[in-house]
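Report on one structure; see the data block that follows.
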Amino acid sequence: MKSPFKRRGLLLVLSSPSGAGKTTITRALLDNNTNLKLSLSYTTRPMRPGESDGVHYNFVDVPTFQAMIDDNSLLEYAKVFGNYYGTPFQPVQDALAESEDIVFDIDWQGTQQLKQRLQNDLVTVFILPPSKAELANRLRGRSQDDGAIIAARMAESSAEISHYSEYDYIVVNYDLTDSIRQVQAILDAERCKRRRLTDLPDFVRKLMDQE
Ligand code: 5GP
């Protein structure tokens, strides 16, 4: 989208219970927005079939993850389903400085930590499934995880859902195309927020000076 002024980048957080469609929505947003970057997380969980290192996550072992915690190179981190997940600090700082927007696929614990550190730049969206049955279907359909993991993720879903009220926006994912459109609308509106438009007074001054 064409814009006459510089804007501070924003941090778009998408959270949901596992299987609600968040990752698919994130990928679609990345395809549709050239100045949107994915915050690539580090994780200690094993790679799933079809995933690759440096694309879906940076896959590391526990000592490597612990070293990142110790030297403060993570903006936030959390233990989810027994594995560590965390957001590296430097890429976020670089993107904000270059007026780029970043999308985060992180859980409620990470969202709370980002709120404490970067509240003004944060836009948070929670994706809800239309029903528990639909969530279970999607987890089974994904079939990258075994039965025990799927059962654990279903058990965890209520705990994740209970944090919906900590988010700015709620999207119920009945239909993927509609949900993508809704999240895109949120992103477009937030990009127009006056406080993010750092060059706006200058632009308006020049506008007023025109004949
Ligand atoms: P999955 O194993 O299905 O890829 O992710 C499990 C959960 O971890 C998802 O809810 C996902 O949003 C969350 N997650 C992924 N990366 C991060 C991260 O860097 N930080 C936090 N706090 N959660 C993350």
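The values are calculated or read from the model by the stated rules, or taken from the named source; none is laboratory data. The shown structure was predicted, so the numbers you read here are calculated from the model rather than taken from an experiment. Please note: Cβ atoms are built from the backbone with ideal geometry, for glycine as well, and neighbour counts cover all protein chains shown. Please note that ligands, DNA and RNA were not included when accessible areas were found on the heavy atoms of the full protein model with its side chains. Shrake-Rupley method; radii C 1.70, N 1.55, O 1.52, S 1.80 Å.
Among the conditions (1) of a type in the set (Asp, Glu); (2) within 11 Å of the ligand (Cβ to nearest atom); (3) out of contact with any His (no Cβ under 9 Å at 6 or more places or on another chain), the only one that Asp107 does not satisfy is (3).
Among the criteria (1) at pLDDT 95 or above; (2) surrounded by 12 or more Cβ atoms within 10 Å (Cβ to Cβ); (3) more than 11 Å from the ligand (Cβ to nearest atom); (4) within 25 Å of Lys193 (Cα to Cα), the one Ile69 does not fulfil is (4). State yes or no: is Lys79 surrounded by fewer than 21 Cβ atoms within 10 Å (Cβ to Cβ), farther than 23 Å from Ile186 by Cα and either among the basic types (Lys, Arg) or more than 14 Å from the ligand (Cβ to nearest atom) (or both)? Yes: the conditions hold for Lys79.
Quick test for you: out of Ile170, Ile150, pick the one residue that is at pLDDT below 95 and not small (Gly, Ala, Ser).
Ile150
The C-beta contact set for region 44-69 (first residue within 17 Å of Val80 (Cα to Cα), second residue open to solvent by 60 Å² or more (accessible area, probe 1.4 Å) and not in a helix (DSSP H, G or I), distance under 6 angstrom, 6+ apart or interchain) comprises Arg48/Gln144; Phe59/Met47; Phe59/Asp53. Residues of region 29-53 being more than 11 Å from the ligand (Cβ to nearest atom), over 22 Å from Leu114 (Cα atoms) and open to solvent by 40 Å² or more (accessible area, probe 1.4 Å), which ones? If the condition is that a residue be more than 11 Å from the ligand (Cβ to nearest atom), over 22 Å from Leu114 (Cα atoms) and open to solvent by 40 Å² or more (accessible area, probe 1.4 Å), then Asp31, Asn32, Thr34, Pro49, Gly50, Ser52, Asp53 are the ones that fit.
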